Structure formats: structure tokens, C-alpha cells
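What follows is a single structure, written as C-alpha cells, with notes after it.
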Amino acid sequence: MRKLSFTNTVLAIVIAATLALSLLILIPAYQSSEQVLEQEQSLSHRRHAALINQLFESHLRGISRSSATLAQSPQLIQQTSSGNLAGIKTLLQKTINSRGGEHIQAFAVQLKDGPLTLVPGAALFNVYLPLAELASRRIVPDTWATLTTRQKQQDYQLLRLSMPIIAAPFGEVVGYLHSFVILNDNFWILNQIQSLSEARAIALYTDNRRIGALAETPDQLQLLDASNPATETGTHADTDTDADANQTRIADDSIVQRHSLFIEPDNRFEVRLLLPDYAGILMRQAFAGTIGYSLLGALLIGALLILVLCRLAQRPIRLLSRYIDSVSGKDPAFTAPSPELKPLAKAVQTMLQRVQENEQRVNALLSHTPSLIFLKDSNLRYRLINPACARTIGLSADQIIGLRDKDLYPDALARQLGQADQQVLTQRSQVHIEYSAETADRGPRDFVGTLFPILNSEDEVEGIGGVMQDATEYRLETDHLKLTDQALNSTLEAILVLDRRGNIITANAAYQRISGFSQRQDRGQPFSPLAQQPELLEQLEHAGQLQSEAMLLQANGDAMPIWLSVSRLQGDAPNSHQEERYVAVLADINRAQSAEQQLEIASRYDSLTGLPNRQQFCAQLDQILHKAEKNGDTVAVLFVDIDDFKSINESLGHAVGDQLLRETAKRIEACLASSETLARLGSDEFSIILDNIPDASSSHTIARSIQQAFQQPFSLADSETVVTCSIGIALFPDDARDAQTLLAKADTTAHHVKQQGHNAIHFFDNGVNQQAQQHQQLNDGLRRAQSNGELFVQYQPRFDIDGQRILGAEALLRWLHPEQGLIPPLTFISLAEESGMILKLGPWALQQACTDAMEWNRNSPYPIPVSVNLSPRQLRDPELIPDICDALRVSGLAPELLELEITESVVIDDINRILGTLYELRDMGISLSIDDFGTGYSSLAYLKKLPVNTVKIDRSFVIDIPGNTDDESLIEAIITMAHSLRFKVVAEGVETRAQQAILKKLGCDELQGFLLARPGSCEELIELARNSHSDSDALSEILLRH
């Protein structure tokens, strides 16, 4: 028989004595404790029921208030009243992403007689719910209703609140705002109930089906699921009045409570709580108080025994502790100095081995997973990072430990990550995050993942964990699939995918339109052309492809003749382990024959007006000229060009532009005889053939009648608009003897009319033709000028009123033509503006000016800003702001050293469109000035709106002073007005000392002109700046020399 050790013997005696004393007082103490336990459990159930109902009602009231605020907001009422779906969607997205919409999973706005606008929240990411169909169900407004839908074999429980959107002043309901709350896995509701009730686990049920839960372990969920009142009592408790019937004691330390929630009278939800059995704890405390004195003696004996045992075991325990501290996984086994410690030593060795094995597994997982995994402390410094994450950053894990996001990422990305981290620390909950980053090993990538709090033993957040996935390929694949689906459903040809037996797997919209079958009806059904002709299917299986005429059986029973082409999908080889699939393309034979005729008509006639197009017009003109040459007849070609059509098209829209073109065709046709040909050559250009006219004056008479027809205003976009036209006339055989040349000369003449002021009639003139050729040659030369290095920038300084100090320099673009020499700026700048080349030359000149300004500011004794002119087209170009940012970034020039000059008339003509751009430039720190001020028609009201710093008086007002009192009075008025608006005033074109003196007397701030300095290079400007800073006399000599 095995002998007991001394320690075991003493412990057995103490335990036996303690049990004997406890039994003497156990029965009466237990009876009294049972009563306390039942009372406490009943109170706890009622208290939790009240808290849950109060929390749920408060939550719904808060959402109702947020929804009511949104429904009553002027912005939503305005957008809904106007039917602005984009504006409604933007407002809903802004609200659902704000604090007021954080507990709402989706918004929908149903216009009164219009479409539904739906905006899902982040909670619906990767979850599809038929919210549009759910929003269409009728419920009582301002009342919560429960909705149930089943998607992907899962039931979803939703709460919906509908509120009318009422427009003032008559209280008309213009739409309804629907707010959706998903009960399935609603973390906020479950977390709040769990926090209030201090439950270990919580679950939400409907019809005994769990739809949401928070639990630490799966076992806790099993306990909640098993706590079914129907299985325990045989009946279903519908209320919380019977506390005993709605709670179950699971173990010594746990209780399951069941609480009912009623959203509607017939819709009941049940909340089950797994709670710690505090009442049981109270009972044990009662036991302890009763038997405390009885156990006191045993405890004293036990304490003496423990002291003795500790004394005996102190040395081996120290040895064991040293072993635990020094173990490395390969140390020799620990030898216990006494038999009592051998089992403990063995258990410690086993535990340490398991810890090391688990650590190795975790390290292997972290090392080989493609996910980015990291841990941060509460100061947001990295404390652990796996190799995959370190590779994306481009540093080793040791280098990253201790750093923050701002030390590793660009500022914008670091702020985004920091905000997400702070949200985790504040809310103590998981946060989903998406971001894009430039990785060190793979370039730009998209990431999605989850940040979660790390809690210590005291339930305090001591850090943040993160798991990120590279979603770049997934998003590309998703976009690719969407694009493929759009392409298939946008094509006019019917396309199907078939299995090896000829059954339909899927089909595009064109097939459904041709066949009459819906997608649900045709899926899995035999493809009728192959089913009716089995030999075709045999040919397909043998050869892998076929082309043949066949008959398609439509849904209405009719048979349609088709041309069928079928081939095996690539990768579906006969020996493949996957089932063979085929792609079939079919076309309506009858439609194909009709389409050929339509293509023939479309190739010769304009689809918008129905008039002959350029091809048909030229063919008819060739025939008419051939006949006229034989008969000696005179033929006139009239080229009609609508004036300012582009501005009408851009301001009123392309639909209105098309309406104007159709109406123009009708009015011109009304002026012509049936034998005369009218064609639309393109855009806003029409041409007319007048055959066998008696003389040139008859063509002018018809042209005049066309212009008179244009005098009647056009009804465009619910308003009357006056439109004019320019007409050029070329005659056969006087001006040309072939169709192409005759049409080209009429076109050139009409273009010349537009340049001369619109709304006129001109006959072709050789001088105009030569001018047009020179214009085209200059245009072609300008296109090559930049690449050939013919363009360069000069700078004309701007001085203070005394002419002693340079305050800035204006960049002036110059063109040195290899044959014609210097081309006047007014000539080639207007040419570049007209042809659109200014959008290429402007950014180049801006970049060159910023680069030169950076150079002279490095060598100048004080800062000298550069001013650059912006053309009208540049101001309307959406790439203007990016071009300016690129120029500043590449050159390194500070925005405060850049001034942009804009023409007065351009700003006033398009102030509503340009004003936002000007304020954006001002906010960047860039100065703005109005060039050629006084030549336009700006008003004080307009000037007050402009964020400008400077106005420049045009040289036309300066040239005749002193002496011209009108100009002097006008200049004085401009200076007074500008100073009242806190604008600086610069006078341009100052060429005499007398002009400088009168401008100084009138209060002008700065001067620019040949008197002070001519335009020069960057180096000459640096020399001027140095001398103006050091010696005014030397500066005067330099100015005279220049």
C-alpha cells in the first residue's frame, strides 16, 4: 500500500475538520440563502427588462429624431422638390457618414411620382438586401415597422421608419424618407445591452432563431440557444411578467434571462442574457459569514501548516523558479530536490514546452501569412509587425518597432490611419478601414481590414491590433467582371453560354429581347436551335465550333430565322476535368438585311436634320458642275455658319444645340426652291447649291433671305434667343472649277466673315484666300514652335511709383519665327486661343516663368514675384489648378511669389463659372490682378466679388496724359475706386517722366513701361534688382541704357 506523505496527511486532516464544521451549519444557512437568492434573481430580471426596453426605445427615438431632422432639412426638401437625385444622394451619404446617421444602416428617398434614391451605409458592405423592394412596402408614417427578407439562405430582420418630406409653404408631400436599421448582428444594440446588464454573453432571437449575438466563447452561445422556454416549460412566455419562467440557472455562477421586445403587437423579439450569478455569490457570502467562526480554528491550523510546508518547500520552489526564468526550450530537464515537487516540476516543463510550441506556431503564422498584421500600444507606436507588413513599408520589423504612422507614411495617409486608431481607442470597438498606399515592394495598392482594441486584465485598452488585406486584385477583378457584364448586356447581338448538352447557362439582355424569355425562364432550358437539330450539337461536340442558319423558337411560339455561331470556350478542352461550355452568338437575319439599307442611308444623310451630309453634297456638286461646264451655266455655293453656336451649345446644353440645328435647317429650306440642294456638312455648318443662276446677285438675294429668316428669335430652352449667321459665297466657274475647291473657298469666305464681326454676306476674294493661307501657315508654325525651341519668355519689371525699386516682373511670351522673325504677341496669342493651343502653351509658359522666378529669387537681394497672364480658355480649363500646382511643385516657387493676371472682360462675361476658380487660387496663396482695367464694362458690384489684389490701368488711358483731361479724370476715378476696395493700382505703358509725375500725383502705386525698363531676360532682371537694392543712381543709368 502506498504511504501518504506528511504534507498530504496534514492537509487531509484540515480538510476533514473543515467539512465537519461546515455541515453543522449548512442546512439552516442554505434555507435562508435560498430565499435571498430567489428575491435577488426576480429583482435582477425586472431591472434588466426595464433597462433593455428603455435602451431600445431610446435608441429608436434617437434614430427617429435624426430622421425627422433630415426629412425637415431645407436641403433635402429643396433637392426632393427639384427631383435632383444626385443632390439627394450626396446629402444622404453625408448624413449617413455623420454622427447623426451612425446607427442607421441605409437611407432611401422615394420621390412622390419619381424614382427611389438609395444610399446604404458601411454596415452593408458585401451584403445585398433588396432595400428598394422593402422601401416600397406601405407602412404607417412616423411609426417603426419590422420587415423580414431572406437573402443567400439567411433571414434578415430590419426596422423601417418612413417620414414624409413636406415642402413649404402649402405642406405638399414631395416624397418620403425611409430609414433602415438592421437587427441582425447589430453590434451597437447588443453591446449597449451587454454593457448595461454586465452580461457575459447576449443574443437576440426571433421565433427562437438567433439573429445576433456577442459572446466570448461558442459554449456561451450554445447555452443561450439551449435556453428555449418552449422546451423547458412546454409553453411560450410572451411577456416578462413572470420572472421565474423567463430565467434559467445554468451553472453555479451563471443565469440565462429572457426578455421580450415588441416593435409591433405581432412582432416579438427575445433578448437572452448570460449573467453571472451574483445572487449565488451572495449566498456563498452568507455561508461564509455563518461558518466563519467555525472555520477560524481550522484556518489557524491550516495557516501554521502552510508556514511549515512553505519552510520545507522554499528551497526547491526557488530552484524551480530559476529554472522557469532561464528555460530556453533546449535546457536539460529540471530535477526536483524532493518527491513532493516532482509532479509540479514535470507539469511546469510540459507547460513551458506547450508555450514555446504555441509561440512557434504563432510566429510561423505571422511569417507566412500574406495579411498585414501589427500591434500598437496606446501611444500608437508599433510594438509588433509581421514580415508582410514590414515589406510593404520597406523597412525591417526592428526598424519599425517604436515608430508611429506619421514616421512611415505621407501626411494624408497618416492622418487617416490616426483617426481610425483614435476611433478604436475612444469607442473600444472594431473599426473597418479602407485606404490606398504606395508600397515599397509592389507599388500603389489598395487595402481593407479591421482595427480592434486590445484589453488588459483590468478591461482597459492598452493597444490596438490590425489585420489588413491587399484588395487591389479583388477590386480589379470586380471591376473587370462588372465591365464584362455591361459589355455583354450592351451589345446588340444575342450572346449565350451553353453547357455540353446544349442547355442555357446564362444569356445577355439582347437574347432575352429577341427570344422573349426572361432570364429566369431560359436558365437551364435547352437552346431551341440545337434541340431542334441534334446534328448541330453532334457537329459542335466533334469540331468544337459551328456556323449555320437556324430557327429560334420565341416565347410567343413564333420561329425566327437566325444566323448562329457557336464555339467552345477557351480552356474547356475535351480532356479537361471541367464540364465543356460553349458560347453562342446569334443575329436576326431579317434585321441584318434591314440594317444594310439603314447603313447606306446613314452614310449619305445627316441623322439629326435628315439633310444630305458632306459626302452626298460633294457627289451632287460634282454632277451639277459637270453639267454646268457642258451648258456654260453659273453655279453658286453658299456656306452658312451659325454665329456663336459653340457658346449656345455649352451654356444651354447639347440638346438645345441640336434643337437649334434642326430649326436652322427648316428655316433655310423655307428660303430655297425644291430644285436647290441644302446639306449639313458638320457641327453648325450648312451649304447650299444654286444651279443655273442668271448672275451673282441672285445668290446674294437668296443669302439675304436666309439672314432675314434668322431675324425671328429661336425658341430655345423656354426662352427667345436671337441667333445670326455668317454666309460666304463662291461662284463657278469664276472662283473654282471643281467641287472641293469651290466648297473650300466658300468655307474660307464664311470664316473670314465671322472674324470680321459676324452676321454678314461676302463673296469670295483672292485676298481673303491669301490671308487664310497665311493664317493657316502661321497656325502650323505655332504648333511646331515649342518643340523647335522658337518660344521664349521675357520679363518686364514693375516698379514703385518713384521708379527706384523693382516690385515684380510680368512674364511675356515671345515667338521668334525662323523666317518671319519676331511675331507680334497679339497675333500668335489670339491664334493659340482660337485653335486651343493655348492650353498647351499656357502651362509651358507658366512652368518656365516659375522656374525663372525661382532662379532670380535665389540671386536677388529681396523677393520679387512673377506675374503670368491667363487666357480666357485657361480660366475655363478644368486642368488649370493642377497645372499651377505642378508648376509650383517642380520649380519650388512659393505661391506667394506668383501673381496671375486676368482680363477684366473675360471675368465679367463668365463670372459665375470663374469665381470659384479665383477663390481657390486665392486660398492657395496666389495673388490675382485685373489686366487692362478700364477697357471692359465691369461694375463696382462685380469688382467687390473678385478676390483680386491689384488692378492694372490699360496703356490706352496713359498714352495721352498729361494733356487729355478726360483720361486723367478717368485714371483718378479708377485709382480712387480701387483704393476704396483696398486694391493696389499699377499703370501700364508709362514712357515719359511727365506721365510718371501725373500718375504719382493722382495716387498710383506702381509703374510699368519703357520709361523704366523694357522686357528682358532673367539675368538682366537679376542685375536690375541688385542695383535697385544698392544704388539708385546706378539703377537710373541701367534704366536709361535699356
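Values as computed for the structure displayed
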item: Residue ID - surrounded by the fewest Cβ atoms within 10 Å (Cβ to Cβ), chosen from residues in segment 772-799 that are at pLDDT 85 or above and either touching a His at 6+ places or on another chain (Cβ under 7 Å) or within 17 Å of F1010 (Cβ to Cβ) (or both); result: E790
item: Residues satisfying the stated conditions in segment 107-122, i.e. polar (S, T, N, Q) and in contact (Cβ under 8 Å) with a residue 40 or more places away in the chain; result: Q110
item: Segment 1007-1022: number of residues that are more than 15 Å from F957 (Cα to Cα) and surrounded by 15 or more Cβ atoms within 10 Å (Cβ to Cβ); result: 9
item: Failed condition for Q547, given (1) farther than 22 Å from E580 by Cα; (2) in a strand (DSSP E or B); result: (1)
item: Identity of the residue in segment 615-645, among the polar types (S, T, N, Q) and in contact (Cβ under 8 Å) with a residue 24 or more places away in the chain, that ends up nearest to A679 (Cα to Cα); result: Q616
item: Those residues of segment 732-748 which are in contact with a helix residue (DSSP H, G or I) (Cβ under 6 Å, 6 or more places away or on another chain), part of a helix (DSSP H, G or I) and closer than 15 Å to N766 by Cβ, in sequence order; result: T748
item: Residue check, I688 within 18 Å of I761 (Cα to Cα), β-branched (V, I, T) and outside any loop (DSSP other than H, G, I, E, B); result: yes
item: Pick from segment 956-995, criterion over 55 Å from the mean Cα position of the chain (by Cα) and buried (at least 19 other Cβ atoms within 10 Å of the Cβ), ranking: nearest to E810 (Cα to Cα); result: Q995
item: Residues (free of Cβ contacts under 8 Å to residues at least 60 places away in the same chain and under 41 Å from the mean Cα position of the chain (by Cα)) located in segment 661-720; result: L661, R662, E663, S683, D684, F714, S715, D718, S719, E720
item: Breaking point among (1) surrounded by fewer than 16 Cβ atoms within 10 Å (Cβ to Cβ); (2) under 17 Å from K754 (Cβ atoms); (3) charged (D, E, K, R), for D684; result: (1)
item: Matching entry among L408, L384 (being in contact with a helix residue (DSSP H, G or I) (Cβ under 6 Å, 6 or more places away or on another chain), modelled with pLDDT of 90 or more and not polar (S, T, N, Q)); result: L408
item: Segment 64-73, residues that are surrounded by fewer than 21 Cβ atoms within 10 Å (Cβ to Cβ) and either among the acidic types (D, E) or touching a strand residue (DSSP E or B) at 6+ places or on another chain (Cβ under 7 Å) (or both); result: S64, A68
item: Count - residues of segment 953-971 that are touching a Gly at 6+ places or on another chain (Cβ under 9 Å) and in a loop (DSSP other than H, G, I, E, B); result: 2
item: Some residue of segment 587-606 being of a type in the set (A, V, I, L, M, F, W, C) and at pLDDT 85 or above; result: no
item: Out of A509, A494, sole residue that is touching a Ser or Thr at 6+ places or on another chain (Cβ under 9 Å) and surrounded by fewer than 17 Cβ atoms within 10 Å (Cβ to Cβ); result: A509
item: Any hit, segment 831-854, residues being of a type in the set (F, W, Y) and within 25 Å of G989 (Cα to Cα); result: no
item: Test for T95: is it of a type outside the set (G, A, S), surrounded by 16 or more Cβ atoms within 10 Å (Cβ to Cβ) and not assigned by TED's automatic domain parsing to the domain that holds L196; result: yes
item: Subset tally (residues that are of a type in the set (D, E) and surrounded by fewer than 13 Cβ atoms within 10 Å (Cβ to Cβ)) for segment 512-525; result: 0
item: Failed condition for P169, given (1) part of a loop (DSSP other than H, G, I, E, B); (2) in contact (Cβ under 8 Å) with a residue 12 or more places away in the chain; result: (2)
item: Residue list for segment 614-630, filter: over 58 Å from the mean Cα position of the chain (by Cα) and among the acidic types (D, E); result: E629
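The values are calculated or read from the model by the stated rules, or taken from the named source; none is laboratory data. In this text, all values refer to a predicted model and were calculated from it rather than measured experimentally. Note that each Cβ is placed from the backbone with ideal geometry, even for glycine, and that neighbours are counted across all protein chains shown.
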